[in-house]
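Peer 1: Quick one: the structure is below, and I'll ask about it shortly.
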Amino acid sequence: MICSDIQKDLATTCGMEVTKVIKNGIGDKNFSILIDEARDCSIKEQMAVIVRFLDDHGVLQERFLAIKHITDCTSIGIKETLVDVLEYHGLSPSKLRCQGYDGASNMRGEFNVLQNLVRDEAPYAFYVHCFAHQLQLVVVTVAQCSPAIADFFNYIPLIVTQVCSSCKRKDALLVKHQDELLDLMENGKISAGTGLHQESSITRPRDTRCGSHLRTLFHIFSMWNTVADVLGIVVVDAREHTCQGGTRDFLKKHGMLGICIHHVVLKNLLSNTNHLSQALQRKNQNIVEAMRLILDVKESLRDMRDNGCESLFCQAKNFCETHDIDVPNMDDLVGTMDQ
């Protein structure tokens with residue numbers, strides 16, 4: 001069993017048996033496909049193919065069919081690879097009724113793109129953009145229409161890079177966060193329990209990854225003082241001012257009311273849309289329920305726009321007071337430029 005050849009034979013045999021079960025489940029029925037491509041750790045482009053079909057009991061089934069290395073990432077190359085995968089597994093493209101992708105540039109459009117190339121082989125294979133992915137792109141794009149929010153989105157990845165770019169900084173982040181949690185528990189400000197306050201780190205947000213912006217904001221929000229401490233370490237350890245990589249400016253912004261307001265607004269905005277995104281990612285989605293959720297989210301966002309300014313500012317103000325960030329008195333008179 002420790003021989004590599006035996007292990008490979010066992011894995012291949014298991015894969016063949018699983019694939020046979022999937023093909024028997026599909027039979028002569030119509031099916032749809034989901035495709036995505038990504039680079040693996042060896043920097044090779046891999047294409048994953050997933051099939052969706054109704055079994056004999058009318059229950060929707062979703063099965064991972066194959067993963068294929070592709071050398072040509074153009075629409076034509078992906079289409080040829082897809083046809084080869086289907087034919088290899090004995091699935092006729094003529095039975096294809098739906099195709100779903102993540103909306104990347106080489107997978108969408110109107111002319112000479114994958115969806116149209118596939119429909120040349122299967123005329124009834126209609127294209128459906130992943131609704132959760134579409135929602136993610138819309139929210140990020142609309143939010144970045146505001147110059148201030150666009151700057152904030154540019155600021156967050158730079159903070160992640162500065163804080164987590166080395167093992168030393170990442171370890172310091174985790175240790176300081178753990179010490180902060182222990183101090184809060186001893187003072188009775190947070191409660192301890194199974195599954196609470198797990199060790200976490202900060203990851204770079206991705207525009208095409210559902211929920212990544214919210215997770216990053218949530219982690220920075222919960223580790224605010226810890227992030228500031230690590231940025232301070234970077235400033236102190238830098239041998240020269242040019243080696244700080246703008247960290248001093250990041251540290252200054254980190255302690256300003258404006259950044260806190262942006263953080264609170266986006267956290268509330270993305271939390272509202274995240275519930276809808278999670279619902280849209282369910283395999284067995286009720287269309288009526290999905291439409292109701294869309295209306296609920298629209299109403300919630302409209303209410304936040306019309307009546308949420310005071311509440312959002314209070315949240316930002318309370319956050320600043322908790323983390324010893326100066327909050328100016330908004331009732332003070334501000335002199336004009338001529339004075």
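Peer 1: Of the residues Lys44, Lys68, Lys23, Lys8, only one is under 25 Å from Ser94 (Cα atoms) and either surrounded by fewer than 16 Cβ atoms within 10 Å (Cβ to Cβ) or among the aromatic types (Phe, Trp, Tyr) (or both); which?
Peer 2: On inspection, the qualifying residue turns out to be Lys23.
Peer 1: Out of all the residues in region 67-84, is one or more touching a strand residue (DSSP E or B) at 6+ places or on another chain (Cβ under 6 Å), modelled with pLDDT of 85 or more and closer than 20 Å to Tyr124 by Cβ?
Peer 2: no
Peer 1: Let me ask something additional. Name the pairs whose Cβ atoms lie under 7 Å apart, with the first residue in region 120-138 and assigned to a loop (DSSP other than H, G, I, E, B), the second at pLDDT below 75 and among the charged types (D, E, K, R), and 6 or more positions between them or separate chains?
Peer 2: Cys130/Asp102
Peer 1: Pairs needed: first member in region 159-175, assigned by TED's automatic domain parsing to the domain that holds Asn225 and β-branched (Val, Ile, Thr); second member anywhere, outside any helix (DSSP H, G or I) and surrounded by fewer than 17 Cβ atoms within 10 Å (Cβ to Cβ); C-beta distance under 8 Å; at least 6 residues apart or different chains.
Peer 2: Here the result reads Val160/Thr203; Val160/Arg204; Thr161/Arg204, each pair linking region 159-175 to a residue that is outside any helix (DSSP H, G or I) and surrounded by fewer than 17 Cβ atoms within 10 Å (Cβ to Cβ).
Peer 1: Next question, about the same structure. Please determine whether any residue of region 69-79 is in a strand (DSSP E or B) and in contact (Cβ under 8 Å) with a residue 24 or more places away in the chain. Break it down stepwise before answering.
Peer 2: Going through region 69-79, the residues in a strand (DSSP E or B) turn out to be 69.
Subset that is in contact (Cβ under 8 Å) with a residue 24 or more places away in the chain: 69.
Yes, region 69-79 contains at least one residue that is in a strand (DSSP E or B) and in contact (Cβ under 8 Å) with a residue 24 or more places away in the chain.
Peer 1: Ok, one more. Would you call Val51 farther than 25 Å from Arg206 by Cβ, in contact with a strand residue (DSSP E or B) (Cβ under 8 Å, 6 or more places away or on another chain), at pLDDT below 85 and not small (Gly, Ala, Ser)?
Peer 2: On the way: farther than 25 Å from Arg206 by Cβ: yes; in contact with a strand residue (DSSP E or B) (Cβ under 8 Å, 6 or more places away or on another chain): yes; at pLDDT below 85: no; not small (Gly, Ala, Ser): yes.
Spelling it out, it is not the case that Val51 is farther than 25 Å from Arg206 by Cβ, in contact with a strand residue (DSSP E or B) (Cβ under 8 Å, 6 or more places away or on another chain), at pLDDT below 85 and not small (Gly, Ala, Ser).
Peer 1: Ok, one more. In region 303-312, is there at least one residue being over 18 Å from Phe218 (Cα atoms) and outside any helix (DSSP H, G or I)? Full working, then the answer.
Peer 2: Keep residues of region 303-312 that are over 18 Å from Phe218 (Cα atoms), which gives 303-311.
Adding the requirement that they be outside any helix (DSSP H, G or I) leaves 308.
Yes - at least one qualifying residue is present in region 303-312.
Conditions (1) assigned by TED's automatic domain parsing to the domain that holds Val265; (2) modelled with pLDDT under 80; (3) surrounded by fewer than 19 Cβ atoms within 10 Å (Cβ to Cβ), marked per residue:
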| position | (1), (2), (3) |
| --- | --- |
| Tyr88 | no, no, yes |
| Lys95 | no, no, yes |
| Glu110 | no, yes, yes |
| Val118 | no, no, no |
| Pro123 | no, no, yes |
| Thr141 | yes, no, yes |
| Cys145 | yes, no, yes |
| Ile149 | yes, no, yes |
| Asn154 | yes, no, yes |
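The values are calculated or read from the model by the stated rules, or taken from the named source; none is laboratory data. Computed from a prediction, not measured in an experiment: that's the story for all the values here. Reconstructed Cβ throughout: ideal geometry from the backbone, glycine too, with neighbour counts over all protein chains shown.
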